[in-house]
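In what follows, a structure is listed as structure tokens, so that the remarks can point back to it.
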Amino acid sequence: MTGYAGQRETALLAQRCRQQLLSRLPEHLVEAAGDMDRDYEPPESCLPVSRVKITAGGVCAALWILGEKLCTGLCADLRSVPVRQETIEICEILDLDPYVLRSDGAWLIAVRDAEEALSQCAWQGLPAAKIGETTPGEARVLSCGDVTRYLDRM
């Protein structure tokens, strides 16, 4: 994954709910959240097998779409998904799930060599993380510590 979960919607929420957020958060955090709308398109040097822009439905929907495109199962660890602190704070206040927020500008990419892709992204200054891998079958599994659940069609 390149970019951050919920980055687009965090920026929008920081603008729309500014007064409510400022009553509970420092101004610098709300300002930083408002500037999160960036594009983190993976470089072609990552040699993507497939890629999905993370839009409506967030990371969870993009995982489903990627599994459909690849005709495979997936196993992803939510603890590995990059999420900025601004998003976490805003989601806590507004009772939202960062993994289903719009993340335009962030991408899920399937590659054959994750370490090489991560190296290429780092070389270009792109935030990136390995969040999971493909699996045989069709099950799309999310884990977070001891909790495991299956993705539903988004």
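Details
- At a probe radius of 1.4 angstrom, the accessible area of region 1-144 per residue rounds to 50 square angstrom.
- Carbon plus sulfur fraction of accessible area for the chain, probe 1.4 Å, in percent: 48 percent
- Area of D152 that stays accessible when all protein chains are in place (1.4 Å probe, Å², to 10): 110 Å²
- C-alpha long axis of helix 58-70 to longest principal axis of the chain, angle in °: 20 degrees
- Long-range tail of P(r) for the chain (Cα pairs > 22 Å, %): 40 percent
- Accessible area in the full protein assembly, largest first, 1.4 Å probe, for R38, R153, R8, R140: R153, R38, R8, R140
- Local net charge near P26, Cβ-Cβ under 11 Å (Lys/Arg +1, Asp/Glu -1): -3
- Taking Cα atoms only, the orientation of helix 7-16 departs from the longest principal axis of the chain by about 20 degrees.
- Mean residue ellipticity (222 nm) of the chain, computed from DSSP H runs ≥ 4 via -39,500 (n - 2.57), nearest 500: -10500 deg cm²/dmol
- Short-range pairs are left out: with C-alpha atoms under 8 Å and at least six residues apart, the relative contact order of the chain is 38 percent.
- With the biggest extent put first, the Cα atoms of region 54-125 measure 39, 31, 20 Å across the principal axes.
The values are calculated or read from the model by the stated rules, or taken from the named source; none is laboratory data. This is a predicted model, so every value here is computed, not measured. Note: ideal-geometry Cβ built from the backbone for every residue, glycine included; neighbour counts use all protein chains shown. Keep in mind that these areas ignore ligands, DNA and RNA; they rest on the heavy atoms of the full protein, side chains included. Shrake-Rupley method; radii C 1.70, N 1.55, O 1.52, S 1.80 Å.
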